[in-house]
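Chemist: This is the structure, below, for whatever I ask next.
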Amino acid sequence: MQTNPQPERRPHPLERPPQPAPEATPGQPRQRVLLHIPSVRPVATYLLILLNVAIFAARAVSPQFDEQVFLWGANHPPDVLLNGEYYRLLTSMFLHASIYAPSGDLAPANFLHLFFNMYILYAVGASLERLFGHTRFLIVYLLGGLAGSILSTLLGSFNSYSVGASGAVFAILGAEFVYLYHHRRLLGEAGRARRQSLLLFGVINLLFGLASLAPGSAMRIDNWAHVGGLAGGMILSWFISPIMTLQAHPDHPGEFLGVDTNPLNRRYWIVSVYATVLVVLVFVGALLRR
């Protein structure tokens, strides 16, 4: 019997970053290497923030109008699965806790729901969009957020109303974690520290979510939307996020250029499969409820 030797493992390009400059001799500065990574302005992030804030402000016109918008667009499983109002899976991502209390009085504290989601969207989304580009970023945000809405509909409280961009925000957090993992060799200690901070943030939010389940708790957190958005963002990013390899810069000797080895035009079929799975989950959920 003939056996073939195991082929030699070729390391991933990111596992072979440029060799560091030699140690400087005493009295001489250390040599620095300049890396150019293509990026875009985070226009989509700013537009999403503007849209969420504009909708919140428009609802503040009157308690009656606010209630009408909420009842029309909130994620409500009976309306989604029994009445076929599937648009709620998307519109609920752009609605937040009302500025009005049930009594009709102003409740400014409810503004915190919008504020925290938009702060995280700005803090994480702006940097992620610069690296992912507009299209990749919107795919993760919208389809990841839809995964959160769908999981909330299928596994959450059946008679509850759910609103908020939290599922989409968790999707971009998951996408950033995967991007950092893909480039763990290149980013080194800085990337590891950032991954740890993301994990800590996730654990804190999980604890808050569990606390909201305690009897008498005033908090109402849609844990399934968070879990679904996080999972959706990580799955999408695993397949469609840019993966940078380093090449010598053609115009600047001694400098390096980050080149994406995972272009999006080769991964649209993954996006199609992902979207199809979401549609199937909603269809199956509707059949089971009926």
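Please treat every number below as a calculation from the coordinates, not as lab data. Bear in mind the structure is a predicted one, so any value in this text is a computation, not a measurement. All Cβ positions, even for glycine, are placed from backbone atoms using ideal geometry, and neighbour counts span all protein chains on display.
Chemist: Counting Lys +1, Arg +1, Asp -1, Glu -1, what net charge surrounds residue 104 among other residues with beta carbon under 11 Å of its beta carbon?
Modeler: -3
Chemist: So how far, in whole Å, is the C-alpha centre of the range 75-112 from the one of the range 150-173?
Modeler: Between the Cα centres of the range 75-112 and the range 150-173 lies a distance of 11 Å.
Chemist: What's the ranking of 228-235, 74-81 by average number of surrounding C-beta atoms within 10 Å, highest first?
Modeler: Top to bottom by mean Cβ count within 10 Å: 228-235, 74-81.
Chemist: Residue 54 to residue 268: extension gain in nm, 0.36 nm per residue of separation minus the Cα-Cα distance?
Modeler: Extra length available between residue 54 and residue 268 comes to 73.9 nm.
Chemist: As an exercise, identify the trypsin sites (Lys or Arg not before Pro) in the range 143-208 lying in DSSP coil whose Cβ has no more than 16 other Cβ atoms within 10 Å.
Modeler: none
Chemist: Continuing with the same structure: Report the local net charge at residue 200: Lys and Arg +1, Asp and Glu -1, summed over other residues whose C-beta lies under 15 Å from its C-beta.
Modeler: Every neighbour counted, the sum reads +2.
Chemist: Most exposed first by the Cβ proxy, i.e. fewest other Cβ within 10 Å, how do 71, 131, 142 rank?
Modeler: Result, fewest neighbours first: 71, 142, 131.
Chemist: Let me ask something else. If you average the sequence gap of Cα pairs under 8 Å that are 6 or more apart and divide by the length of the range 140-202, what percent do you get for the contact order?
Modeler: Normalised by residue count, the contact order of the range 140-202 is 34 percent.
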